[in-house]
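The values are calculated or read from the model by the stated rules, or taken from the named source; none is laboratory data. Model, not experiment: these values are computed from the prediction. As a convention, Cβ positions derive from the backbone with ideal geometry for all residues, glycine included, and neighbour counts pool all protein chains shown. For the accessible areas, the whole protein counts, side chains as well, though only heavy atoms, and no ligand, DNA or RNA atoms are used. Shrake-Rupley method; radii C 1.70, N 1.55, O 1.52, S 1.80 Å.
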Amino acid sequence: MEGTRLTGLWKNTGKDGKTYLSGNLSGAARLLILPNTRKRGEKDPDYHVYVVPNEKRDKPAPKDEGDSL
């Protein structure tokens with residue numbers, strides 16, 4: 001197949017029990033593919049694709065080992 005591979009996708013289940021796909025695009029962004037819950041006809045898409053920032057995972061601040069006054 002010709003083309004550029006962007007990412008792999010994983011099937012996930014949201015808190016509401018609905019299935020969606022997600023994958024990392026880079027260290028700063030990820031791709032989400034969600035079913036179109038408002039589809040009314042054949043001309044409406046089955047899924048919507050979103051690019052969202054990766055959630056920051058807070059790391060504990062390093063201890064200050066400098067001289068204290």
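Quick rundown of the values:
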| quantity | calculated |
| --- | --- |
| Scan of segment 5-20 for residues that are within 12 Å of Ile33 (Cβ to Cβ) and either outside any loop (DSSP other than H, G, I, E, B) or of a type in the set (A, V, I, L, M, F, W, C) (or both), ordered by number | Leu6, Leu9, Trp10, Lys11, Asn12, Thr19, Tyr20 |
| Count of segment 35-49 residues which are part of a strand (DSSP E or B) and either open to solvent by 70 Å² or more (accessible area, probe 1.4 Å) or at pLDDT 95 or above (or both) | 3 |
| Tabulated pairs, segment 30-42, first hydroxyl-bearing (Ser, Thr, Tyr), second surrounded by 11 or more Cβ atoms within 10 Å (Cβ to Cβ), C-beta under 9 angstrom, 6+ apart or interchain | Thr37/Lys18 |
